[in-house]
Amino acid sequence: MSTWNGNFVSERLGVSIHSDPAAFVPVEDLVGLALRRNPKRAHLLVSTVLAKHIPTEPALVIAAGELLGAIVAMELAALGHDAAAAAPTAEAVAAAAAQLGEVLRRPVGQRRDAIDILATQVAGLRTQVPGAVVIGYAETATGLGRLVANALGAWYIHSTRHATPGVEPVAGFEEGHSHATSHAMVPTDPHWLDGAGPVVLVDDEFSTGSTVINTIRELHALSPHPVYIVAALIDLRGAADRARFDALAEELGCRIAVTALGTGRIELGESILDRAADLISGLPDHVADAPLAGRLSVLELSAADTAPVRSDRFGNASPPATADVAAIASHVAAHLGSHGCRGPVAVVGCEENMFLPLAVARALEDLLPGTPVLFSTTTRSPIVPVDDSGYAVAGALRFASHDATNDGPGIRFAYNLSGAGQRPGTILVFPEPGTGSSDVTTSSVPGLEPLAAAMASAADDAVVVLLPANDPARQTEDAR
């Protein structure tokens, strides 16, 4: 990267990030910085590999997530877990991490070959860890958690903020600094936590670790486990917060280990909340409520086209079948071909719906040779866009929510699909099946108009892809 996309915030608010020399990947390669509209925290660490806020090559997102899973397997081996014999070696993990750093230091559009090398390396690190339960955090790490689970061959569930009629929560916890704080766990398998295998908690970043501590306490009260592995793309906890994890492990009589791609520390300037508010007040509003501009179409697939989608929030033993992902991608490619596909193509998931559209985006990379394909998702997080090369979020789309959530309707955003040089030729948006506040499985797209209009404002073509939903109130899959 010629200019770090955290310079704008760093210089104006005195935010500095220091990477640990022993980190697998330098933290500055893994994140940039942006400004939050949040009275609790002024800054946002914007990942370069998560594809939440920055549209990113799908193969890179998958490789980074599975590399984190390999690091978890290596940590389990160090703790003496039964999977130790099959765990990847430290040398193999270090080589893949070095390749990831090489990718991230190249400009987007000039790193395809390097990503292919990374993907091959990471694929060779996958390890089966029988009995493991992987838990991802909504909304940001739902896809990342699934990637870690895939790398470990583990059962997976993520927390949720969605309403789940017919499925009662079994646990909940708070994320104090978040824009939306309350999480719920809604597994349909009542025995989801009964095993004695390791519990792996996955988030995109740790600044204090308070959310994880809350979670481990809650889970341990439900069903005590001997080992908890905490995994994140970056870990910026200070010494006092690290000591809290050690104290918790001693209190509960368990082992807690923390792993991350990048480790280091962050320093915040004095009175940062007040200074950030002053800075934001002087910036222009680049959040777009744009009118319909591009062509809008709907691609509705039925259960005859692909298996109904069962969300990971209810717990799944495996990811969507490769054949189903391929079928969805094939239908999408045919739809684009009939309309005259215009690149680049941006595949956009909706909030917690990250992994399946990511997998489809990866399949489209192969089906649309010569056409750049990038992936990102919508979010609740209100971020201040600034069109500056030293800032992580150049533009924002704003629209009303369409899904049923525990805290009611609200405003949602999609970032870096607008702003200087950001406009894709085609946007494919994937609302999550079965989460709509009204029926969103018909081509009339009730409730989705604000989302669809926002996407059409940012591209020449916008396609809303509707997929069939599995009824979560029925136990349709054995968890074990």
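Any read-out appearing in this document is the output of simple, stated calculations on the displayed coordinates, not a laboratory observation. Everything numeric here is computed off the predicted structure, so don't read it as measured data. So basically every Cβ, Gly included, is an ideal-geometry build from the backbone, and we count neighbours across all protein chains shown.
Here the contact order of the chain, divided by its residue count and restricted to Cα pairs under 8 Å and six or more residues apart, works out to 20 percent. Divided by 2.2 N^0.38 Å, where N counts the residues, the Cα radius of gyration of region 96-248 comes to 1.14.
Summing charges over neighbours of ALA114, with a neighbour being any other residue whose Cβ is under 12 Å away from its Cβ, gives 0 when K and R count +1 and D and E count -1.
Note on the chain: Rg/Rh from C-alpha atoms, Kirkwood Rh, equals 0.94.
A simple spin-label model places pseudo-atoms 7 Å from Cα toward Cβ; at ALA317 and ALA247 they are separated by 4.2 nm. Within the shell of other residues whose beta carbon sits under 12 angstrom from the beta carbon of THR378, the net charge comes to -1, with Lys and Arg scored +1 and Asp and Glu -1. PRE reach from ALA240 (point 7 Å along Cα→Cβ): which of region 265-286 fall under 20 Å by backbone N? Taking a point 7 Å out along Cα→Cβ of ALA240, the residues of region 265-286 whose backbone N falls under 20 Å are 265-274. With a Förster radius of 30 Å applied to the beta-carbon distance between ASP274 and ASP388, the computed FRET efficiency rounds to 0.85. For the chain, which DSSP H helices look membrane-span-like by this rule: Cα extent along the axis of 15 Å or more and mean Kyte-Doolittle of at least -1.0? Helix filter hits for the chain: 58-78, 90-104, 112-123, 142-152, 210-222, 239-252, 322-339, 355-367.
Our note on the geometry: Cα centres of region 362-400 and region 97-175, 18 Å apart. Each of ILE266, ALA247, PRO372 was scored by the projection of its Cα onto the charge dipole of region 239-398, and the greatest displacement toward the positive side belongs to PRO372; charges sit on the C-beta of Lys, Arg, Asp and Glu. Potential lengthening of the chain between ASP113 and SER302 amounts to 64.4 nm, from the contour at 0.36 nm per residue minus the alpha-carbon distance.
Here the gap between THR89 and GLU218, fully extended at 0.36 nm per residue and compared with their Cα-Cα distance, gives a gain of 43.1 nm.
Dividing the summed helix terms, -39500 (n - 2.57) for each DSSP H run of n ≥ 4, by the number of residues in the chain produces a 222 nm estimate of -9500 deg cm²/dmol to the nearest 500. For HIS18 and ARG398, the FRET efficiency from 1/(1 + (r/R0)^6), where r spans their Cβ atoms and R0 equals 30 Å, is about 0.30.
The shape of region 297-373 can be summarised by an equivalent ellipsoid whose semi-axes, obtained from the alpha carbon gyration tensor, come to 22, 14, 12 Å from longest to shortest. Once the Cα-Cα distance is subtracted from the 0.36 nm per residue extended length, the LEU283 to ASN406 segment shows a gain of 41.0 nm.
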